[in-house]
Structures are given as C-alpha cells and as structure tokens.
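The values are calculated or read from the model by the stated rules, or taken from the named source; none is laboratory data. Remember, it's a predicted structure, so these values are computed and weren't measured experimentally. Virtual Cβ from ideal backbone geometry, glycine too; neighbours counted across all protein chains shown. Please note that ligands, DNA and RNA were not included when accessible areas were found on the heavy atoms of the full protein model with its side chains. Shrake-Rupley method; radii C 1.70, N 1.55, O 1.52, S 1.80 Å.
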Amino acid sequence: MDNCLRRLDLNLLVTLDALLAEHNVTRAAERLHLAQPTVSLQLARLREAFGDPLLLPGPRGMRPTARADELRQPLRQALEALTQAVTPSGPFDPAQSHQTWRVAASDYGETSILLPALAGLRSAAPNARMAILALNPQALASQAEQAHIDLAFHISSEAPLQLRRRSLFNESYVLAARTGHPALQRTLTVTQFCKLDHVIVSPDNGGFHGVTDTALAAKGLTRRVALSVPHFLFLEAVLANTDLVAMVPSRLIKHNTALQVVAPPLEIPGFEMLMLWHDRVHRDPSHQWLREHIVRFL
C-alpha cells in the first residue's frame, strides 16, 4: 500500500473522483477548474498507476471499468475525511459540545479551582464531560504529551518546564481550627503556636514535616505535629471535630463556617498556583474555551 501511495499524488485522486462523478473529461476539467488536456494527462497517469483503463469510451461519454466502480465509494469517503481533517476548526460552541476533558488536580486544586467553575461549566456545556484525575507530579509532562490529560493544576515550584503555563493566583497560609477553639481567641506568640497540637497534610505521604516546620527550624523552633493525613478534605473534618489546629491554604477553607482562621505568628512562604497544558492542545478552540472559563471563576 505504501508503494501505491508513493506513486500517486493527492491531485490525481481528486481528479479521479471528479472523473468518476462526471464520466466526461471536459466536465471533470470544468469542475476542477483545469484545462481539458491537463485532465487527460492526469487520467493517463492514473491508468498507469492502477494498471487499469478506469474509464472507457462509450456512446454517452465514458464508462467506468469494474475497478473504477470499486474505487468510487471508498475514494469519495477518503477525500471527505481528508477534507474534514485539514479544514480549520470553527469557533467552539460549548452548548453543542460532547467534549471529554481530562484534568489532573490535587484535592486542593479540585476545591479551590475546579469546584468554583463547575456549575458554570455544566450550564454552558451541558453535554460535555470532565474526568478529574489524581495529580501525579512526576508524570505530568508525559501524561500531557501522550494525551492522557488535557489540563493540570500544580504549584509553580514543581511544575514541568516543558508544559505551557498560566499563573492563576498566589496562595497564603492561615492558622485554622474549629470555630470557638480557645487557642484562637487571643493573639498567639510563636511559643504558644508551637505548643498547640497540629495536623498536617503530608507532602511526602505519612511525614510530619512541611513548610511550616522548615520556617520554624530556621528560627531554631519545632512544633507538635500530632496527626499526618493524606488529603485536605479529611483535614477539614479533623479540624471541625477536634481541638487540633492546622496551617492551611486560605482559599481552601474560606467558605467553611465550621472553622475559624487567624494569621499565624510567623511568616510562612505561600505558593503560586499554575494551570498547565501541552502544546498539542494550545490552539484547540475547545481547550482555549475551557482554560478561559476556569480563570473566569477564580
């Protein structure tokens, strides 16, 4: 098959399609906006390539051979598919879309970025679907390149350099506890802060050290971390139902009335949150629409 394709150029197949439709060289030439001798020469090349006369003289124009009749329908379908493939995409209409988007996010990204955009997304694109995948920072670049994901949300310090990026916001940490927690009813000193029982969302799956501990260590201090959990969702439930406290990203709990927050007694570095995607979808109208929609609801 490869050898057959190398012997033909696309223009010959377009000419053959016109000849099979018109059964007449003159009319085919008019349809293709070519001179009749040019179409006659192309027909000669087609006959040589296929090893078949394809069209024979008849009393009312030209008569297709059996081989030509076999070619007619698959050739028409192939040219239609090729035309569709190379035709520029039109404007994306979310209301008519049946798109499926695959997005990678942590539970923080789900809550702070995707959840605010979800109602608007469902309203604007009711037939579209979204699959949210667990964030795997080490695999982000390959997942995006291989089309396993369309978008990802991750902190700038760990974002793969080979992906396109858009800064969404800068996040800061607050000290959170259940509403009415006695420790948060007064201004805390660093010493008092360190004596509280803390819960941490572990960045290394089961660890008891995070950015807060790094900041404390720089001052020669340590805190009491009594519980390490893998997800922010569970952390919120722990805070609401115990006397543990936690340093949490402010956007995560800003609407949680079961919790109260105060500024921590020491400066903890925040982080920049990015939206990430691969070049393969950079100009795709549906993905451009999705990216802008998400940003609109931040």
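Evaluating Arg291 against the criteria (1) charged (D, E, K, R); (2) within 21 Å of Pro137 (Cβ to Cβ); (3) open to solvent by 40 Å² or more (accessible area, probe 1.4 Å); (4) assigned by the TED database to the domain that holds Gln146 leaves one unmet condition, (3). For segment 234-249, check the following and say yes or no: at least one residue is aromatic (Phe, Trp, Tyr), out of contact with any Ser or Thr (no Cβ under 9 Å at 6 or more places or on another chain) and either open to solvent by 80 Å² or more (accessible area, probe 1.4 Å) or outside the structural domain of Tyr108 (by the TED database) (or both). Yes: segment 234-249 contains one or more residues that are aromatic (Phe, Trp, Tyr), out of contact with any Ser or Thr (no Cβ under 9 Å at 6 or more places or on another chain) and either open to solvent by 80 Å² or more (accessible area, probe 1.4 Å) or outside the structural domain of Tyr108 (by the TED database) (or both). Do we have Ala183 as in a helix (DSSP H, G or I) and of a type in the set (Gly, Ala, Ser) here? Here the answer is yes, as Ala183 does meet what is asked.
Answer yes or no: is there a residue in segment 100-116 that is surrounded by 14 or more Cβ atoms within 10 Å (Cβ to Cβ), in the same structural domain as Ala144 (by the TED database), assigned to a helix (DSSP H, G or I) and in contact with a Lys or Arg (Cβ under 6 Å, 6 or more places away or on another chain). Checked against the condition, which is being surrounded by 14 or more Cβ atoms within 10 Å (Cβ to Cβ), in the same structural domain as Ala144 (by the TED database), assigned to a helix (DSSP H, G or I) and in contact with a Lys or Arg (Cβ under 6 Å, 6 or more places away or on another chain), segment 100-116 yields at least one hit. One residue alone among Ala183, Ala240, Ala226 is in contact with a Lys or Arg (Cβ under 7 Å, 6 or more places away or on another chain), among the hydrophobic types (A, V, I, L, M, F, W, C) and in contact (Cβ under 8 Å) with a residue 24 or more places away in the chain, and that residue is Ala240.
For His287, the requirement of being more than 20 Å from Leu184 (Cβ to Cβ), touching an Asp or Glu at 6+ places or on another chain (Cβ under 7 Å) and not in a loop (DSSP other than H, G, I, E, B) is met. Only residues that are polar (S, T, N, Q) and buried (at least 17 other Cβ atoms within 10 Å of the Cβ): list them for segment 25-43, please. Selection gives Gln42 alone. The number of residues in segment 200-244 being on the phi > 0 side of the Ramachandran plot and within 30 Å of the chain's Cα centre (by Cα) comes to 2.
If you go through segment 85-96 and keep only what is assigned to a helix (DSSP H, G or I) and in contact (Cβ under 8 Å) with a residue 24 or more places away in the chain, you end up with Pro94, Ala95, Gln96. Pro264 fulfils the conditions (1) open to solvent by less than 40 Å² (accessible area, probe 1.4 Å); (2) not assigned by the TED database to the domain that holds Leu115; (3) not in a loop (DSSP other than H, G, I, E, B); (4) not polar (S, T, N, Q) except for a single criterion, (3). Could you look through segment 140-168, keep only residues that are loosely packed, with under 15 Cβ neighbours inside 10 Å and of a type in the set (A, V, I, L, M, F, W, C), and pick out the one that is farthest from Leu298 (Cα to Cα)? Ranking the qualifying residues of segment 140-168, first place goes to Ala147.
Applying the criterion of being at pLDDT below 90 and assigned to a loop (DSSP other than H, G, I, E, B) to the residues of segment 52-84, the residue that is most open to solvent (accessible area, probe 1.4 Å) is Arg60. Listed conditions (1) in a helix (DSSP H, G or I); (2) closer than 24 Å to Pro249 by Cβ are all met by Phe153, apart from (1).
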